[in-house]
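Data first, discussion second: the structure below is written as structure tokens.
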Amino acid sequence: MSLAHWNEPLPEAEREALLEKISTQVVKRGLSIPAIIALEMHRPMAFMLSQSMIALTPLFGPLVGLNRMQTFGRLLAEPGGVEALIRRIEDKTI
């Protein structure tokens, strides 16, 4: 996995699939409110968190999955990524 892949935006289909998967799991586990609060609190730091995921990949990648970390990091790096995730969770909760 090269560093160049971290900087590429997610294709729309991959982005939608990721948003759907994360929001479904959050709602299924009954964590909608805590997840929304955490996302709102950390929204200003989303890009910085996405960049820190690059450094943490060697540590957590084997546990979580390299592809998952890269994909989620790319979603966080997008300007509207966190907002889209919050909206998707809210839509499923109501």
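The values are calculated or read from the model by the stated rules, or taken from the named source; none is laboratory data. Just so we're clear, the structure is a prediction, and the values are computed from it rather than from any experiment. Note that each Cβ is placed from the backbone with ideal geometry, even for glycine, and that neighbours are counted across all protein chains shown. Ligands, DNA and RNA are excluded from the accessible area calculation, which covers all protein heavy atoms including side chains. Shrake-Rupley method; radii C 1.70, N 1.55, O 1.52, S 1.80 Å.
Of note:
- Listed by first and then second residue, the pairs with beta-carbon distance under 7 Å, at least 6 apart or on different chains, first residue in the range 28-42 and of a type in the set (A, V, I, L, M, F, W, C), second open to solvent by less than 90 Å² (accessible area, probe 1.4 Å) and in a helix (DSSP H, G or I), are 35/26; 35/89; 36/86; 36/89; 36/90; 39/82; 39/85; 39/86.
Each row is one residue, and each column tells you yes or no for (1) in a helix (DSSP H, G or I); (2) surrounded by 12 or more Cβ atoms within 10 Å (Cβ to Cβ).
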residue	(1), (2)
30	no, no
39	yes, yes
42	yes, yes
51	yes, yes
54	yes, yes
58	yes, no
63	yes, no
67	yes, no
83	yes, yes
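- Residue in the range 5-26 that is modelled with pLDDT of 90 or more, surrounded by 11 or more Cβ atoms within 10 Å (Cβ to Cβ), under 14 Å from residue 84 (Cα atoms) and among the polar types (S, T, N, Q) present: yes
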